[in-house]
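To start, the structure under review is shown below, and the notes come after it.
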Amino acid sequence: QRLWAGRDPIGDRVERDDVWWTVVGVVEDVRDRGLGDDVESTIYLPFSQWPTRAQVVVLRTTVLPSTLADEARQAVWTLDDALPVTEMRTFDDVVAASTAAERYRAWLVGSFGVLATLLAVIGIAGVTAHAVLRRTGEIGLRMALGAPRAEVVRLVIARTARYAVLGIAIGMVGAALVTRALGRYLYGVEPIDVTTFVAAALSMLAVVLAAAFIPARRAAAIAPLEALRHE
């Protein structure tokens, strides 16, 4: 993409350290030093043509990798019993070690997010329930004038839902702006994830509606004259 601009590089040549190499294959982008690093230009060279002192051997197996440790060592030592075999790790261990800092940050931010959500749920439920209870007199008056209880409850919930939708819309805009600052901590995930945003919005809307429905239904169940005494 950088050197050939979309052309097929197979058979072409590239220079490294005053040596020209023929391209025989192309691989996907690799972040071999960490997920947070930028993709760098990388060349894979045959060991026979570019020998180095340290080597990494990768084994693919269908059995538990830890059971092959002794067999892997013996396979190397059959070639040269003086070759040291160190740092035998599974790919899961390698990936876990390379993402330890990112996972800790994600856990920390996630914990604060859960705490903030719980506080928001408690606050929204309390404020909404209190606002509906203050309208108990209005509910009693509507029922005294002949309004069905179900219609009164629906009216209270609809009015509450309008404010909830407005607040959620403002919150979504604020969240979309905040995700820009978190983008550099995300790998393989878009900052604005539609599924997450929709789930959060629906969860908050459900909390508000539940907080409005329970006291509205309770107030509508009271006799009209009793409800009017709250005024």
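The values are calculated or read from the model by the stated rules, or taken from the named source; none is laboratory data. Just so it is clear, the structure is predicted and the values come from calculations on it, not from any experiment. Backbone-built Cβ (ideal geometry, glycine too); neighbour counts: all protein chains shown. To get the accessible areas, we keep the full protein, side chains included, count just its heavy atoms, and leave off ligands, DNA and RNA. Shrake-Rupley method; radii C 1.70, N 1.55, O 1.52, S 1.80 Å.
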Counting only residues that are surrounded by 12 or more Cβ atoms within 10 Å (Cβ to Cβ) and more than 16 Å from the chain's Cα centre (by Cα), how many does segment 197-210 have? 8
Among residues belonging to segment 61-104 that are hydroxyl-bearing (Ser, Thr, Tyr) and touching a residue at least 12 places away in the same chain (Cβ under 8 Å), point out the one that is least open to solvent (accessible area, probe 1.4 Å). Thr99
Tell me, yes or no, whether segment 187-196 has at least one residue that is open to solvent by 90 Å² or more (accessible area, probe 1.4 Å), part of a helix (DSSP H, G or I) and modelled with pLDDT of 80 or more. yes
Pairs where the first residue, in segment 147-164, is among the acidic types (Asp, Glu) and the second is buried (at least 17 other Cβ atoms within 10 Å of the Cβ) and assigned to a helix (DSSP H, G or I), C-beta under 9 Å, 6+ apart: Glu151/Arg142
Subset of segment 69-103, residues of a type outside the set (Asp, Glu), in a helix (DSSP H, G or I) and under 39 Å from the mean Cα position of the chain (by Cα), comes to Ala69, Ala72, Phe91, Val94, Val95, Ala96, Ala97, Ser98, Ala100, Ala101, Arg103
Taking interchain pairs and intrachain pairs at least six residues apart, which have beta carbon atoms under 9 angstrom, with the first residue in segment 1-15 and over 14 Å from Val27 (Cα atoms) and the second open to solvent by 80 Å² or more (accessible area, probe 1.4 Å) and assigned to a strand (DSSP E or B)? Gly11/Thr22; Asp12/Thr22; Arg13/Trp20; Arg13/Thr22; Val14/Trp20; Val14/Thr22
Are any residues in segment 43-54 farther than 27 Å from Pro9 by Cα and open to solvent by 100 Å² or more (accessible area, probe 1.4 Å), and if so, which ones? Arg53
Among the candidates Ser66, Ser111, residue that is assigned to a helix (DSSP H, G or I) and either farther than 30 Å from Thr179 by Cα or in contact with a helix residue (DSSP H, G or I) (Cβ under 6 Å, 6 or more places away or on another chain) (or both): Ser66
Restricting the search to segment 156-181, which residues are crowded, with 17+ Cβ neighbours inside 10 Å, under 15 Å from Ala219 (Cβ atoms) and modelled with pLDDT of 80 or more? Ile157, Thr160
Inspect all residues belonging to segment 121-140 and state whether any of them is open to solvent by 50 Å² or more (accessible area, probe 1.4 Å), under 24 Å from the mean Cα position of the chain (by Cα) and modelled with pLDDT of 80 or more. yes
Please find, within segment 2-34, the residue that is modelled with the lowest pLDDT out of those that are surrounded by 10 or more Cβ atoms within 10 Å (Cβ to Cβ), part of a loop (DSSP other than H, G, I, E, B) and in contact with a strand residue (DSSP E or B) (Cβ under 8 Å, 6 or more places away or on another chain). Leu3
